[in-house]
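Accompanying notes for the structure given below.
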Amino acid sequence: MPQLDRIIVFSQIFWLFFIFSIFYAILTHYFLPYFLKSLKVRKQVIDLNTKEVLKRTERTLSKQNLLKKILVKNLEVTSSLLIHYFGQLIKDKKRIDTLSIDQKIGFVILNTIKFCNLKLLNSISVYPKSLKFKN
C-alpha cells in the first residue's frame, strides 16, 4: 500500500512539521500581539469602570450619610419645638383638647403612609428621648 510506504511517510512528516512551524511563527509574530493588546485594553477598561463605580458609590454613600444627618438634626429640632410649644400650650391652658391634635397627627400619618416612599420612611430612624441619639 503506497500510503504506508516508509519513503513517503518521512517526506510527509517533514512537510507537516515545516508548514506547522511556519504557521506557528506567523501566528505568534503577527497575530498574537494584537490579541494580547486587545486583552490588555479590555482589562484596563474593566479596571477603569470598576474605579468609577467605586467612586460613585462612595459619593452616593456620603450623600446618603449627609442626608441622614440632616434628617436627624431636623427631626431633633422639630421634636424640641413641638415639646416646647406643647409645653407652653399646656401651661397656658390647663385644659386642652388633645382630640383635635390627635386627629391631625393621625391624618398626617395616614397621608404619609399613603403617599410617601416606604424606603424613605424606613431610613428615618426614630430614637427614644432617653437614649439622646448623637452622631
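Laboratory data are not the source of any read-out in this text; all were calculated from the coordinates shown. The model shown is predicted, which means the values in this text are computed figures rather than measured ones. Heads up, the Cβs are rebuilt from the backbone with ideal geometry, glycines too, and the neighbour counts pull from every protein chain shown.
Would you mind finding the one in S62, S21, S11 that is surrounded by fewer than 10 Cβ atoms within 10 Å (Cβ to Cβ) and of a type in the set (S, T, N, Q)?
Values: S62 fails: surrounded by fewer than 10 Cβ atoms within 10 Å (Cβ to Cβ); S21 fails: surrounded by fewer than 10 Cβ atoms within 10 Å (Cβ to Cβ).
Going through S62, S21, S11 in turn, the sole match is S11.
One residue is enough: does region 81-98 have a residue meeting the conditions of a type in the set (A, V, I, L, M) and not in a helix (DSSP H, G or I)? Give the derivation first.
Keep residues of region 81-98 that are of a type in the set (A, V, I, L, M), which gives 81-83, 89-90, 96.
In the following step, the residues that additionally are not in a helix (DSSP H, G or I) were identified as 96.
The answer is yes; a qualifying residue exists.
Take K69 and tell me if it is touching a residue at least 60 places away in the same chain (Cβ under 8 Å), among the charged types (D, E, K, R), surrounded by 10 or more Cβ atoms within 10 Å (Cβ to Cβ) and assigned to a helix (DSSP H, G or I).
Values: touching a residue at least 60 places away in the same chain (Cβ under 8 Å): yes; among the charged types (D, E, K, R): yes; surrounded by 10 or more Cβ atoms within 10 Å (Cβ to Cβ): yes; assigned to a helix (DSSP H, G or I): yes.
Yes.
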